[in-house]
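Structure first, then comments.
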Amino acid sequence: MGNETLMRQILDYGSRSDPYPLYAELRKTPVCRQDDGVYTISTYPELLALLHDPRLTSTHADQEAAAGGQFPPAFIGMDPPEHDRVRGLTMRQFGPPHSPRLIAELRPDLEATVARLIDAFPNGGELDLVDSFAYPFPVTAICRLLGVPHEDEPRFRAWADKLVASIDPRPGEDPSIRLQEGAGTRKELAFYINELIDSGRGNSNGMLTLLAEDHEAQGGPLSRLELVVTAVLLLIAGHETTVNLITNGMLTLLRRPDVFERLRREPEIAPRLVEELLRFEPPVQIIPRRGALTDIEVGGVTIPEGSTVALVLASGNRDPQRFPDPDRFDPDRPDVEHLGFGSGIHSCFGAPLARLEGQIALTELVRRLDNPRLIEDPPPYRTSAVLRGPRHLPITFDGLRP
């Protein structure tokens, strides 16, 4: 089978539940030109090199987010120096050294949200873990982070639904319709964020207020438009990836009762387990659109200037040259330098929050669900091969533990 056919198979919905054998075939040609001219990169050393290579541009990576020309791209779709300026200003309010305790201080809120969601489960019977838990949890966390008032959270969840649908069209559907709807949703969200900042209704310790008022930053605070675009990015990226992390995590654990029971007995393994999960079933499987600014030689192949490059991160995470026995899920794996959050200047901005959300969610679900079992295996998956995860995760369980 040619590699061109392989990539088409990977993107085909029929492969969604288990693309990993296809990735193994793809790795036989680490750098491969597809029949549409896109170069796929599938092995760990080559992926890591390109993630750190300034000759690979991200300027056309955020085309969908700027759909309709209404908004400039977010920093995920920029190159230095503009990328470094906007990401740097945003990071001042998100992590060290300027806000070193922000994520740690969110823990009590996250734990309370998880407890509230699980308390609302029936005391046994059937349940969809996506709709009842993995979907509402991250949007609540993002609202807390941004400083959105509690009473406005349902509106944020509705916007998240629409934005996700716009980047995850259904098979056989014209994607331009969804992109148009996504542009309309961004406009609504932009008006809301503007109003929230102007009215002062937002939490004064939330990121939106802090970013709008950060006059100590070199070069001044973000412009209002940059702030709106960044907030939309955080809503989409921070929500979708965490939904997949939690859902893929529970699926992985329910398929491995021994690891499930071990996490229940030893909750302290949660940080290591989540890192292995990010290697084994990464929420973002492929970075589909980077561009070569000049000829780039990688893995003995020259990628010509102007080419589109697809980075198959999930394949690199299962590269046997990098990870011994890569298809085995092992929370005791001593070396888990995965590509689950990418690497280089575009490494996942929200990684510290996603890690904490994953650890809290999985630990509490395992602790409180009594004898959970999968109803469907494999479960129904989302259409996207890029943001890969179950769309629903139906389980049955005997009851809730206190």
Exception for I236 within (1) modelled with pLDDT under 90; (2) in a loop (DSSP other than H, G, I, E, B) falls at (2)
Which one of R391, R382, R367 is charged (D, E, K, R) and at pLDDT 95 or above? R367
Elements of type helices (runs of 4 or more DSSP H) contained in segment 249-332, each with 2 or more residues being under 20 Å from V386 (Cα atoms): 270-280, 313-316
Can you find, within segment 105-154, the residue that is surrounded by the fewest Cβ atoms within 10 Å (Cβ to Cβ) among those that are part of a helix (DSSP H, G or I) and of a type in the set (D, E)? E151
Residue under question is P73, and the condition is that it be assigned to a loop (DSSP other than H, G, I, E, B), out of contact with any Leu (no Cβ under 6 Å at 6 or more places or on another chain), open to solvent by 70 Å² or more (accessible area, probe 1.4 Å) and modelled with pLDDT under 80; does it hold? no
With the checklist (1) under 13 Å from the mean Cα position of the chain (by Cα); (2) surrounded by 22 or more Cβ atoms within 10 Å (Cβ to Cβ); (3) within 24 Å of A49 (Cβ to Cβ) in hand, flag the one item F280 doesn't pass. (1)
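The values are calculated or read from the model by the stated rules, or taken from the named source; none is laboratory data. From a predicted model like this one, the values you see are computed outputs, not experimental measurements. Every residue, glycine among them, receives a Cβ derived from its backbone with ideal geometry; neighbour counts consider all protein chains shown. The accessibility values were calculated without ligands, DNA or RNA, using every heavy atom of the protein model including side chains. Shrake-Rupley method; radii C 1.70, N 1.55, O 1.52, S 1.80 Å.
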